[in-house]
Structure formats: C-alpha cells, structure tokens
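Encoded as structure tokens, the structure appears first; notes follow it.
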Amino acid sequence: MHDTGEWQALSAHQEALDGQHLRDLFDQDPSRGERLVAETDGLLLDYSKSRLTDETVALLAALADRAHLRRRIEALVSGKPVNATENRPAWHIALRRPDPPPEVREELDRMAAFATEARNRRWQAVVNIGIGGSDLGPAMATAALESFAHPDLDMRFLSNVDGAHFRAVTRGLDPARTLFIVVSKTFSTIETLTNARTARAWVAQAVGIQEAGTHFAAVTASPGKAQEFGIDTGAVFAMWDWVGGRYSLGSAVGLSLMIALGPDGFAELLAGMHHIDEHFRTAPWAENLPALLGLIGVWNRNFWDWPTYAVLPYSQALALFPAYIQQLDMESSGKSVRADGTPVRYPTGPVVWGQPGTNGQHAFHQLLHQGTDIVPVDFIGFCRPNHELAEHHDLLMANLFAQAEALAFGAPDSGDPHRHLPGNRPSSIILGYQLTPRSLGQLVALYEHKVFTQATVWGINPFDQWGVELGKALATGIAGELADTAEPNPTRDSSTRSLIDRYVGTRRQ
Ligand code: F6P
C-alpha cells in the first residue's frame with residue numbers, strides 16, 4: 001500500500017501540512033468546525049480538530065478506494081471468509097440484522113426466554129465468568145447501562161484467574177441465590193475454567209453438588225465441553241466460529257447484559273449496531289463515521305507517526321469503554337504481516353489507552369498538553385445525562401470541550417517556557433444525544449468498523465490473534481512445573497528457571 005500513488009500523495013500532503021498549526025487551519029477556514037463533521041442517527045463526529053483539511057479527507061477517501069474498502073465491507077457483510085488465516089467469516093454483522101439467519105434468531109429467542117425467567121426468579125446476583133472478549137463487552141455494557149438495568153439484580157463479572165478476583169466478586173453474595181454464566185467460545189480458556197470450577201465448588205458447598213448445576217449456564221462454540229462440565233443443554237447457548245470474541249457482544253456472549261436490560265433493551269442495542277452497520281455499508285466516505293474514524297487513525301499512525309491514541313469518555317458509566325476498545329483495536333491491529341503473510345512495511349496498530357474524564361485530567365493530561373509525544377484523543381460525551389444532576393453534567397461537558405480546545409489551540413506564549421502550552425494536538429469529538437442501549441450499540445459498531453477500515457488499508461487480518469497463543473502454551477507448561485512434586489525443567493532459560501525456583505521455594509513458607 002505504501003508504494004501506491006494514493007499513499008505517496010498523502011505523504012507529500014502531510015509534509016505540506018506539517019508546518020501549519022491548528023490555529024492557522026481555523027483562521028484560514030473559520031467554518032471548518034461546522035463542516036468537518038459527520039452525523040448519523042443523533043451521533044455526531046467532529047473531526048475538525050484533527051490535523052487535516054478537506055484535501056486530506058479526499059486523499060484518504062482515495063486511499064480507501066485503492067484498498068477496495070467498499071468491496072471488503074460487502075465481503076464482511078455477506079459472510080465471506082474475511083478471516084483468511086482461519087478460513088472463516090467474521091460475521092458479527094449478521095447478529096444484529098433485523099432479519100438474522102435462522103440459527104441466530106433461534107438463539108436470541110432462547111436467550112430472551114432464559115433472561116426473562118432469570119429476571120423473574122429471585123436470583124440475588126448474576127456472575128459472568130469469562131475473559132477477554134467473553135468478559136469485556138458485557139462488563140463494559142452492563143456498567144454503561146446501569147440506569148436501564150433490573151434494579152434488584154446484582155450483576156458481577158469474574159475474569160482474572162487471580163483468586164483475589166474470585167473473592168472480591170463473590171464477596172457478600174449468597175451462593176444459594178447466585179447464577180453463574182460461563183462464557184468461553186473455546187470452553188478451554190484456563191482462567192475461565194479455573195474460575196468456573198471454583199464457583200461450582202462454592203455453590204455446591206451451599207446447595208449440594210446435584211443442585212449446583214442448576215446455578216450455571218454457558219455460552220460457547222463447544223457445547224459438548226459445557227455439558228461435560230455439568231451444565232444442562234437447555235442452559236447452553238451457542239456461539240459460532242464465525243463470531244470473534246472481541247466482536248461478540250451482540251451474540252449470546254451478551255446474555256448477562258440481556259438479563260440486566262431485559263430482551264427489549266438488548267434489542268435496542270442490536271438496533272443501534274445495525275444502524276451503524278448499514279451506515280458503514282452505504283454512506284460516502286466523507287460522511288461515513290466509522291470510515292472517517294479509521295482513515296483518521298491511519299492518517300495519525302502512518303503519516304504523522306503518532307504511536308498511541310487515547311479514548312477518553314466524559315461519562316463515568318463508560319469507565320470500561322477504553323479497556324473494551326483497547327482489546328478490540330490492539331488484538332485486531334497488532335499485526336506485522338499482511339493477510340497474505342508478507343511483512344507490512346509501515347506501522348500498524350497503535351497503543352490504545354484511556355480512562356474517563358475528568359479523572360484523567362488530574363493524571364495524564366499534563367503529558368497530553370506538554371509532553372514530547374503527540375497523543376491523538378477521541379473524546380466521547382453526551383448531551384443529556386442519565387441522572388438529574390444537571391449542574392454536574394454541564395461541568396463535565398464544559399471540561400470535555402475545554403480539553404479539546406486547549407489541546408488544539410494551546411495558550412499564547414507568555415515567555416515562560418514552563419507555562420507554555422503549544423497546542424496543535426489533535427482530537428476527535430464524538431457527541432451523542434444520550435447514553436442508551438441504542439447509542440451504546442452505535443458506539444460499539446462505530447469502533448468495530450473503524451478497526452476494520454484501518455485493517456483494510458493496512459492489508460492485515462483483524463480477526464485472528466495468533467500472538468496470544470505462545471504465552472498460553474508456556475503458562476500451561478510452567479503451571480505443571482509449579483506442582484509440589486515436579487522436577488525443575490533444565491530446558492528453561494536461566495532467568496525463568498531461577499524465578500520459578502525462587503517462587504516455589506518461597507510461596508508456602
Ligand atoms: O486473549 C485471547 C482470547 O482468545 C481472546 O481473543 C478471547 O476473547 C479470549 O481469549 C477468551 O477466549 P474464550 O472465549 O475462548 O474463553
């Protein structure tokens with residue numbers, strides 16, 4: 001891609017823009033703040049504070065065409081095997097169609113029946129056990145939509161194999177009134193299975209081993225393994241190999257969320273996702289929110305060479321959203337070879353990080369304003385709060401607008417270098433009407449397709465994650481070596497071997 005005319009044109013254009021401050025861009029073109037925006041279904045993207053012009057957008061659109069983005073979207077939407085290294089579709093879009101495939105409809109109906117029963121039954125708590133894509137989506141969305149959730153159900157999420165997490169998540173819960181949902185596409189993830197076994201023993205202690213099974217449901221693409229674990233077929237929900245973990249919120253992986261919101265609330269989330277799916281498929285690039293966000297991602301990463309970007313929701317309810325986007329983007333975009341196996345000749349996925357404003361302002365914004373690295377920011381905010389504390393909300397949003405303004409324009413030079421804020425630091429602002437199941441669905445799909453847009457330009461496969469396998473295999477081997485009776489493994493490197501020796505010699509003293 002880097003040797004195409006479209007890429008070269010963008011490189012030359014970046015050099016020409018390099019000397020220009022965002023202040024100059026706004027001075028020369030005072031209406032850019034009204035023009036460099038895109039909107040769909042109440043969701044606004046203002047990208048006027050990015051380091052670009054109309055010409056940049058046109059050149060990026062040409063790059064998207066060169067990368068055949070439209071054709072790739074059609075392949076994604078129609079369930080073609082876009083996940084080439086695993087030879088299967090990544091068909092999450094089918095999960096949220098108003099007319100989903102029959103097997104999806106059937107599973108949604110089963111989920112609705114199960115969720116309705118769980119909401120009516122006197123469970124004290126529902127605990128989702130899963131990790132990565134089997135945790136972050138429902139955990140993030142359940143926290144985000146707490147104001148729409150069942151008032152008497154305590155929703156909890158257990159992911160880390162650290163026993164402290166099990167203790168913290170089950171603290172205060174009555175095992176006799178707790179429902180566990182074990183979510184694992186493979187049903188072989190060691191953290192999830194360890195937590196599930198501990199949970200089963202915890203419940204069995206209170207209600208007996210026979211009864212304990214009725215406290216468990218599972219979501220998996222390996223139903224046989226869930227049944228072996230002792231979960232009744234009627235409580236095992238399907239995932240398909242064509243749903244990637246980090247793209248799975250709209251599948252049965254969202255069962256805990258459906259229990260919290262009720263089936264209608266979950267349907268709203270799916271409708272929001274579907275709206276963005278259709279928008280991504282049909283809108284011209286210059287009006288297409290996910291495509292714009294993805295192309296700006298490429299612009300920032302490859303042409304300005306900025307290695308990280310921050311996602312900063314000005315919404316406490318979205319506290320887990322940066323972590324969710326971090327997995328979505330970094331597990332998808334952390335690739336060094338193209339889909340055909342040849343090495344990429346340009347940087348791919350940036351490091352994604354963030355936390356909610358205004359807290360971050362009192363932690364890392366100093367570096368954003370005056371550090372030597374430029375960090376592009378996505379600010380996310382809403383016009384209407386989900387509470388009645390209007391004054392708080394005005395102040396929250398005033399801070400969002402102020403931060404974007406300070407980053408872009410800085411402060412006039414007072415002569416004191418320590419107090420100088422240079423500005424010229426880019427951001428995009430995503431402004432929604434209100435945080436609801438529908439708008440959260442929009443946001444999730446917006447970022448999914450942003451990541452897809454970037455991957456398409458880079459020519460990488462965003463749907464596999466081979467890089468995480470080695471660590472899993474090594475951990476399984478090392479876990480065996482930690483057994484009391486195990487012999488030391490002489491083939492380990494000297495660092496790992498001494499660390500294991502020290503650990504084993506010290507742990508139970
Ligand atoms: O971290 C690797 C990973 O495979 C993720 O992609 C996935 O979401 C997570 O582990 C959990 O996998 P599973 O749902 O199979 O337990």
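The values are calculated or read from the model by the stated rules, or taken from the named source; none is laboratory data. Just so we're clear, the structure is a prediction, and the values are computed from it rather than from any experiment. Note that each Cβ is placed from the backbone with ideal geometry, even for glycine, and that neighbours are counted across all protein chains shown. When the accessible area is computed, the model is the full protein with side chains, heavy atoms only, and any ligands, DNA or RNA have been set aside. Shrake-Rupley method; radii C 1.70, N 1.55, O 1.52, S 1.80 Å.
Values for this structure:
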quantity	calculated
Selection within the stretch 321-354 - assigned to a loop (DSSP other than H, G, I, E, B), surrounded by 18 or more Cβ atoms within 10 Å (Cβ to Cβ) and of a type outside the set (Lys, Arg)	339, 348, 349, 350, 354
In the stretch 83-111, the residues that are of a type in the set (Lys, Arg) and in contact (Cβ under 8 Å) with a residue 12 or more places away in the chain	88, 96, 97, 110
Qualifying residue in the stretch 33-42 (condition: closer than 30 Å to residue 274 by Cα, open to solvent by 50 Å² or more (accessible area, probe 1.4 Å) and either assigned to a loop (DSSP other than H, G, I, E, B) or in contact with a strand residue (DSSP E or B) (Cβ under 8 Å, 6 or more places away or on another chain) (or both))	yes
Residue tally, condition part of a helix (DSSP H, G or I) and either at pLDDT below 95 or exposed (fewer than 13 other Cβ atoms within 10 Å of the Cβ) (or both), over the stretch 198-211	5
Of all residues making up the stretch 43-75, the number that are free of Cβ contacts under 8 Å to residues at least 40 places away in the same chain, open to solvent by 20 Å² or more (accessible area, probe 1.4 Å) and assigned to a loop (DSSP other than H, G, I, E, B)	1
Counted residues, the stretch 459-475 - those being near the ligand (Cβ under 10 Å from one of its atoms), free of Cβ contacts under 8 Å to residues at least 40 places away in the same chain and open to solvent by 60 Å² or more (accessible area, probe 1.4 Å)	1
Candidates 313, 284, filtered to the one that is at pLDDT 95 or above, assigned by TED's automatic domain parsing to the domain that holds residue 354 and touching a Phe, Trp or Tyr at 6+ places or on another chain (Cβ under 6 Å)	313
Inter-residue pairs, beta-carbon under 7 Å, first touching a residue at least 60 places away in the same chain (Cβ under 8 Å) and under 25 Å from residue 227 (Cβ atoms) and in the stretch 166-181, second of a type outside the set (D, E, K, R) and in a helix (DSSP H, G or I), 6+ apart	179/118; 179/215; 181/255; 181/256
Residue within the stretch 426-439 that is among the small types (Gly, Ala, Ser), under 27 Å from residue 301 (Cβ atoms) and either in contact with a His (Cβ under 8 Å, 6 or more places away or on another chain) or without any contact (Cβ under 8 Å) to a residue 24 or more places away in the chain (or both) present	no
Extreme residue, farthest from residue 186 (Cα to Cα), among residues of the stretch 81-118 that are of a type in the set (Val, Ile, Thr) and away from the ligand (no atom under 16 Å from the Cβ)	116
Flag if residue 423 is of a type outside the set (Asp, Glu) and either within 20 Å of residue 292 (Cβ to Cβ) or outside the structural domain of residue 305 (by TED's automatic domain parsing) (or both)	no
Any helices (runs of 4 or more DSSP H) falling wholly within the stretch 226-315 and containing at least 1 residues that are within 16 Å of the ligand (Cβ to nearest atom)	255-261
Number of positions in the stretch 154-196 that are part of a loop (DSSP other than H, G, I, E, B), open to solvent by 20 Å² or more (accessible area, probe 1.4 Å) and hydrophobic (A, V, I, L, M, F, W, C)	1
Test: residue in the stretch 67-74 that is charged (D, E, K, R) and touching a Ser or Thr at 6+ places or on another chain (Cβ under 7 Å)	yes
Those residues of the stretch 477-487 which are open to solvent by less than 90 Å² (accessible area, probe 1.4 Å) and in contact with a helix residue (DSSP H, G or I) (Cβ under 9 Å, 6 or more places away or on another chain), in sequence order	478, 479, 481, 482, 486
Residues satisfying the stated conditions in the stretch 119-151, i.e. under 15 Å from residue 262 (Cα atoms), out of contact with any strand residue (DSSP E or B) (no Cβ under 8 Å at 6 or more places or on another chain) and within 16 Å of the ligand (Cβ to nearest atom)	141
